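Colleague: Handing you a structure now.
Since every read-out is calculated from the coordinates, none of them should be taken as a lab result. None of these values were measured; they are calculated from a predicted model. Here Cβ is always computed from backbone atoms with ideal geometry, including for glycine, and neighbour counts include all displayed protein chains.
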Amino acid sequence: MNKIMRKGIIIVLIIFIVGIIVGYNLKEPEKEVITKKEIVEKGKTTNDILKKDNIVFLGDSITEYYPIDEIFNLPIINSGKSGYKTDQILPELKELVYQYNPTSVYILIGTNDFRDEDDDKLVNEVEENIVKIVENIQRYRSKAKIYIQSIYPVNRTIKNNSANHRQNDEIIEVNNYLKEYCEKEHLTYIDMYNKLVDEDGNLSKEYTNDGLHPNELGYSRISRELLPFIYEIEE
């Protein structure tokens, strides 16, 4: 074999190898499972894969800590913000709710308003702010169905509890108002308070470790109560 032929063969081999490498790199990469973060960043919801419903859970740390993805295989956006009071939710509704163009919104907010002080005036403020939250959602996302959860009870008898100044009698007062408001405005009120309270009127110790936030069993109980409402719009 002369030098010219050997050189030709080498060139052909090089072209062949380069072609393989380029072809490999141009191959469509394997599709990965889309994460909730990626879906949100793309402005979509998992319902683009499932159905056309898009659910938003709006609230404070009780919502933020809710292991929604582990419990529900549904298109739910967790818009819980730890430490938030009702007046902090209001100016952030665009980021927390509107951008997701929800078909339904589950609201659970108000307990942190009573965190730092025991003041009768706070009851009216919480009621008014929750109404404003609802009215704003109705104004900017008029097709969204709104569900209002009762504020959950607390348990201040637990050692080193996180309930602070929260009082169940004030929470009950707000909840009674919310129930009447929902009946008047034809909204769905979810009485979670009486599903979590014990015979002494406190958040049951089996549902919490710190007297404020639900534990694993607590969230399981909550989920069982929410499922009928959620699937009402999934069918």
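Colleague: List the pairs from Lys145/Lys179; Lys94/Lys145; Lys184/Lys205; Lys145/Lys205; Lys132/Lys159; Lys85/Lys145 whose alpha-carbon separation is above 24 Å, in the order I gave them.
Modeller: As for pairs spanning more than 24 Å Cα to Cα, those are Lys184/Lys205; Lys145/Lys205; Lys132/Lys159.
Colleague: Please work out the C-alpha center-to-center distance from region 194-229 to region 99-169 and express it in whole Å.
Modeller: The distance from the Cα centre of region 194-229 to that of region 99-169 comes to 16 Å.
Colleague: Taking a ≥ b ≥ c as the square roots of the eigenvalues of the Cα gyration tensor of region 34-232, is the shape rounded (a/c under 1.5), prolate (a/b larger than b/c) or oblate?
Modeller: Verdict is prolate for region 34-232.
Colleague: Same structure again: Compute the length gained on full extension between Leu217 and Gln99: take 0.36 nm times their separation in residues and subtract their Cα-Cα distance, giving the result in nm to one decimal.
Modeller: Contour length minus the Cα-Cα distance gives 39.3 nm.
Colleague: Using a Förster distance of 22 Å, how high is the FRET efficiency between Asp169 and Ser82, based on the Cβ-Cβ distance and rounded to 0.05?
Modeller: The value I calculate is 0.30.
Colleague: Another question, then. Would you work out the charge dipole size for region 127-235 about its Cα centre, treating the Cβ of every Lys and Arg as +1 and the Cβ of every Asp and Glu as -1, and quote it to the nearest 20 debye?
Modeller: That gives region 127-235 a dipole magnitude of about 380 debye.
Colleague: Can you compute the modelled spin-label distance between Phe229 and Lys132, with each label point 7 Å from Cα toward Cβ, in nm?
Modeller: For the pair Phe229/Lys132, the computed spacing is 2.3 nm.
Colleague: How large is the convex hull of the Cα atoms of region 130-211 per residue, expressed in Å³ as a whole number?
Modeller: For region 130-211, the hull spanned by Cα atoms encloses 107 Å³ per residue.
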